[in-house]
Amino acid sequence: MNISDKDIKLIKSKRLSVDKILIQIETFKNQIPFVALRSPATLDNGILKFSEHYQTELSKLYEARLSGLETIKFVPASGAATRMFKELFRFLENYNYEKESLNSYTNHEKANAIRLFLIGLEKFPFYSTVMGKVKKAYPKFQSLSEGKQLYIFVEMMLKEKGLNYGVFPKGLLPFHKYEDSISTSFEEHLYEAAGYNTTDKGVSKLHFTISKEHLDGFKEEFERIRKKVEEKTNTQFDITYSFQKPETDTIAVTEDNEPFRTEDGSLLFRPGGHGALIENLNDLEADIIYIKNIDNVVVRKYQDEVSSYKKVLAGKLIEIQDEVFRILQAIDEKNPTEAELKDIKKFLVQQLNVRLPLDFDKFSEKYKLQFLREALDRPIRVCGMVINEGEPGGGPFWIKHESGRLILQIIEGPQINKEDHRQQEILSSSTHFNPVDLVCGVKDYKGKKFNLLDFIDPEAGFITTKTMNGKVLKALELPGLWNGAMANWISVFVEVPLTTFNPVKTVNDLLKSAHQTTLFS
């Protein structure tokens, strides 16, 4: 790699080092090995399902302990809404209302998304706002053809000359329409958090990771809604923000693994994906951290159910922590008896999904205790899992670790070799999906916060292919936040109902019942 002074200046501006860049380039050359799936995690084989009675007990445990805990909700919210409107941008690019009727265009199979958008048009929360702009700009709008009307509507909604929603962060887009207001997903996260993440003093802490250019927009939105939401929830909100750190960017390379350069000859760096946010998570001080994506919200009539399951997951975390901390203290203060060791092994296998080495019983007592201590002295996450209905994204699997043991992980599609027939079979037979619904304990039994960066699996990233200005490039994604970045945590997976998982990946998802205050007639 030929490195110029200009390159070094750019590398240093990102708080990176030349050595780190060279390591990344070697990673492209050597490739990242695929994971070795052994089986999907299923009910009673890595995923727990709780009875109603047990759920009630866990909720009570959480509520009883909440006053002594500091909790915070962590919301990754930096993504722009561009992909959410992909089909609408394609419509603006491909549809010519002077040459083709709208009916003819929407009859094409590829236009299914546009047909659904048109059918539900008046149900979208932004409909009235867009129409207000449209009618001001086009006084004779009603006399235009249906095709031209829809084209103007979409253009006014997405483009800079109109509302410019195409470049908005998802958190600031209109998501839900109520009788007296329109709510963003940012606002809905506040209402939801008030239901389970509030101290006995009535304070709810939330942390949003956003793009720096959107900071003013989020602050303005909070000030706009603050009084209303705090009065309705009887809660004060403590909101903080952070940005993805520049040192988590990764270099892009050509197909020949040479540094990719822009038209002016500069090295191209790309954000390292959501795995970069482990740095932001690591900066938080709290006993319990909830993690949930910005677009996974519901209208308020469903929020009680969502909150109740959050309390269940948090109660399970506390129950696990209590036992883990008790065991660690016992190991540190005295040598457990053979009977106690047997109980600890049973707890690891049955409750924490830890698979012991086959020759564990042949270990000396010293190494048995060392193994058990290392297995338990880690951050803990309790993850909600929903029935898989074909959503894209990660899922829970048993994989073969380099040590030879089976471990439980959340795996993303790019980590799997889909050309391997057996691996594809295991992927296809999975029963559950990761909705990014996590409750995390990040302190040890002495109350000291773990350094979360110590528990990343650096081999769990993946390489993707992109294009820029018509040229192919390869990009390196860091181990995902809830994948490789948490690979060495204690992981407990719990089935939660589909009603708790309502992401908005495309604009038409806003037409689903979880995002509508009134259903279609």
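The values are calculated or read from the model by the stated rules, or taken from the named source; none is laboratory data. The shown structure was predicted, so the numbers you read here are calculated from the model rather than taken from an experiment. As a convention, Cβ positions derive from the backbone with ideal geometry for all residues, glycine included, and neighbour counts pool all protein chains shown. Heads up: the accessible areas ignore ligands, DNA and RNA and are worked out on the full protein's heavy atoms, side chains in. Shrake-Rupley method; radii C 1.70, N 1.55, O 1.52, S 1.80 Å.
A few remarks follow.
- The residues on offer are ASN508, ASN502, and the sole one that is under 27 Å from ILE387 (Cα atoms), surrounded by fewer than 22 Cβ atoms within 10 Å (Cβ to Cβ) and modelled with pLDDT of 95 or more is ASN508.
- Considering residues of the range 345-374 that are open to solvent by less than 10 Å² (accessible area, probe 1.4 Å) and modelled with pLDDT of 90 or more only, the residue farthest from the chain's Cα centre (by Cα): LEU372
- Among helices (runs of 4 or more DSSP H) entirely within the range 1-118, having at least 3 residues that are within 30 Å of LEU173 (Cβ to Cβ) and not acidic (Asp, Glu) singles out 86-94, 102-106.
- If you go through the range 379-390 and keep only what is in contact with a strand residue (DSSP E or B) (Cβ under 7 Å, 6 or more places away or on another chain) and either open to solvent by 70 Å² or more (accessible area, probe 1.4 Å) or without any contact (Cβ under 8 Å) to a residue 40 or more places away in the chain (or both), you end up with just ILE387.
- Meets criteria (buried (at least 16 other Cβ atoms within 10 Å of the Cβ) and of a type outside the set (Lys, Arg)) for TYR178: no
- Output for the range 311-340, where each listed residue is part of a helix (DSSP H, G or I), among the basic types (Lys, Arg) and open to solvent by 70 Å² or more (accessible area, probe 1.4 Å): ARG326
- Taken over the range 129-159, the criterion of being in contact (Cβ under 8 Å) with a residue 12 or more places away in the chain, of a type in the set (S, T, N, Q) and surrounded by fewer than 16 Cβ atoms within 10 Å (Cβ to Cβ) is satisfied by SER145 alone.
- Test for SER491: is it open to solvent by 20 Å² or more (accessible area, probe 1.4 Å), among the small types (Gly, Ala, Ser), modelled with pLDDT of 90 or more and touching a strand residue (DSSP E or B) at 6+ places or on another chain (Cβ under 9 Å): no
- Taking every residue in the range 44-66 that is on the phi > 0 side of the Ramachandran plot and pairing it with any residue that is not in a helix (DSSP H, G or I), at least 6 positions away or on another chain, the pairs with Cβ-Cβ distances below 8 Å are GLY46/ASN353; GLY46/PRO396; GLY46/TRP398; GLY46/LEU408; GLY46/PHE493.
- Meets criteria (among the aromatic types (Phe, Trp, Tyr), in contact with a strand residue (DSSP E or B) (Cβ under 7 Å, 6 or more places away or on another chain) and closer than 26 Å to ASP256 by Cα) for PHE28: yes
- Residue count, the range 395-414 (criterion: out of contact with any Gly (no Cβ under 7 Å at 6 or more places or on another chain) and either in contact (Cβ under 8 Å) with a residue 24 or more places away in the chain or open to solvent by 40 Å² or more (accessible area, probe 1.4 Å) (or both)): 13
- TYR302 being aromatic (Phe, Trp, Tyr), at pLDDT 95 or above and touching a helix residue (DSSP H, G or I) at 6+ places or on another chain (Cβ under 9 Å): no
- Whichever residue in the range 458-476 is in a strand (DSSP E or B) and not β-branched (Val, Ile, Thr) and, among such residues, is most open to solvent (accessible area, probe 1.4 Å): LYS471
- Selection from the range 432-457 of residues that are open to solvent by less than 10 Å² (accessible area, probe 1.4 Å), in contact with a strand residue (DSSP E or B) (Cβ under 8 Å, 6 or more places away or on another chain) and at pLDDT 95 or above: LEU438, VAL439, CYS440, GLY441, VAL442
- Members of the range 80-91 found to be open to solvent by 40 Å² or more (accessible area, probe 1.4 Å) and within 30 Å of PHE397 (Cβ to Cβ), listed by number: ARG83, LYS86
- In the range 285-303, residue most open to solvent (accessible area, probe 1.4 Å) [restricted to those that are over 14 Å from VAL439 (Cβ atoms) and not in a helix (DSSP H, G or I)]: GLU285
- For the range 32-74, filtered to residues that are touching a Lys or Arg at 6+ places or on another chain (Cβ under 6 Å) and open to solvent by less than 40 Å² (accessible area, probe 1.4 Å), the residue that is nearest to GLY461 (Cα to Cα) is ALA36.
- Residue list for the range 461-474, filter: of a type outside the set (Lys, Arg) and touching a Leu at 6+ places or on another chain (Cβ under 9 Å): GLY461, PHE462, ILE463, THR464, THR465, THR467, MET468, LEU473
- Considering GLY202, GLY273, the condition of being under 17 Å from the mean Cα position of the chain (by Cα) and open to solvent by less than 30 Å² (accessible area, probe 1.4 Å) is satisfied by GLY273 alone.
- Hey, ASP454 acidic (Asp, Glu), part of a helix (DSSP H, G or I) and either touching a His at 6+ places or on another chain (Cβ under 9 Å) or closer than 30 Å to GLU188 by Cβ (or both) or not: no
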